[in-house]
1. So which of 105, 73, 89 is at negative phi and in a strand (DSSP E or B)?
2. Taking the conditions exactly as written (out of contact with any helix residue (DSSP H, G or I) (no Cβ under 9 Å at 6 or more places or on another chain), modelled with pLDDT under 85 and closer than 21 Å to residue 9 by Cα), does residue 85 satisfy them or not?
3. Which condition number in (1) farther than 18 Å from residue 75 by Cβ; (2) assigned to a loop (DSSP other than H, G, I, E, B); (3) at pLDDT below 80 is the one that residue 52 fails?
4. For segment 88-102, enumerate the residues that are modelled with pLDDT under 85 and under 19 Å from residue 8 (Cα atoms).
5. Check 78, 27 and return the single one that is surrounded by fewer than 12 Cβ atoms within 10 Å (Cβ to Cβ) and within 14 Å of the chain's Cα centre (by Cα).
6. Going by the structure shown, is residue 99 more than 21 Å from residue 33 (Cβ to Cβ), within 11 Å of the chain's Cα centre (by Cα) and buried (at least 16 other Cβ atoms within 10 Å of the Cβ)?
């Protein structure tokens with residue numbers, strides 16, 4: 001979630017708590033615009049991938065990302081409001097049966113369900129994603 005506001009982060013954490021209470025296993029990875037330095041290492045945000053955590057080609061790498069990528073997912077909600085920086089590479093690095101993400105993704109074939117995210121609150125986006133997933137579950 002680049003360009004995230006504190007309210008967005010709170011909405012996402014609340015969403016994860018709700019999913020956990022329903023018995024749905026969830027994993028979270030936040031994309032930070034800030035850079036990680038040795039001085040700031042002690043204040044590292046849990047579940048975060050920082051903007052400077054990439055290889056020389058610009059492809060994101062970190063221990064947190066490696067843990068996240070090592071799992072196989074049924075559904076991934078790729079809820080970045082932009083598809084720039086690290087957000088551009090993540091869908092290609094994940095193993096998932098269904099990818100829900102920004103409908104303006106440059107490679108439309110990578111996203112199974114596209115969601116309009118511009119000008120919307122994170123709570124509204126999460127509600128939209130959950131409604132689509134409920135519809136799919138009811139049809140399947």
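1. Details: 105 fails: in a strand (DSSP E or B); 89 fails: in a strand (DSSP E or B).
On inspection, the qualifying residue turns out to be 73.
2. Values: out of contact with any helix residue (DSSP H, G or I) (no Cβ under 9 Å at 6 or more places or on another chain): yes; modelled with pLDDT under 85: yes; closer than 21 Å to residue 9 by Cα: yes.
Taking the combined requirement at face value, the residue satisfies it.
3. Tallying (1) farther than 18 Å from residue 75 by Cβ; (2) assigned to a loop (DSSP other than H, G, I, E, B); (3) at pLDDT below 80, residue 52 fails exactly one: (3).
4. 101, 102
5. Of 78, 27, the one residue that is surrounded by fewer than 12 Cβ atoms within 10 Å (Cβ to Cβ) and within 14 Å of the chain's Cα centre (by Cα) is 27.
6. Numbers: more than 21 Å from residue 33 (Cβ to Cβ): yes; within 11 Å of the chain's Cα centre (by Cα): yes; buried (at least 16 other Cβ atoms within 10 Å of the Cβ): yes.
So residue 99 fits the description; yes.
Rundown of residues vs (1) buried (at least 18 other Cβ atoms within 10 Å of the Cβ); (2) under 14 Å from residue 85 (Cβ atoms); (3) touching a strand residue (DSSP E or B) at 6+ places or on another chain (Cβ under 7 Å), yes/no style:
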{"position": "8", "(1), (2), (3)": "yes, no, no"}
{"position": "18", "(1), (2), (3)": "no, no, no"}
{"position": "22", "(1), (2), (3)": "no, no, no"}
{"position": "44", "(1), (2), (3)": "no, no, no"}
{"position": "52", "(1), (2), (3)": "no, yes, no"}
{"position": "65", "(1), (2), (3)": "yes, yes, yes"}
{"position": "69", "(1), (2), (3)": "no, no, no"}
{"position": "72", "(1), (2), (3)": "no, no, yes"}
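Quick grid of which residues meet (1) farther than 29 Å from residue 136 by Cβ; (2) without any contact (Cβ under 8 Å) to a residue 24 or more places away in the chain:
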position	(1), (2)
12	no, no
24	no, yes
33	yes, no
61	yes, yes
68	no, no
86	no, no
92	no, yes
97	no, no
109	no, yes
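The values are calculated or read from the model by the stated rules, or taken from the named source; none is laboratory data. Treat the numbers as computed from the prediction; the structure is a model and nothing was measured. Note that we place each Cβ from the backbone using ideal geometry, even for glycine, and neighbour counts take in every protein chain shown.
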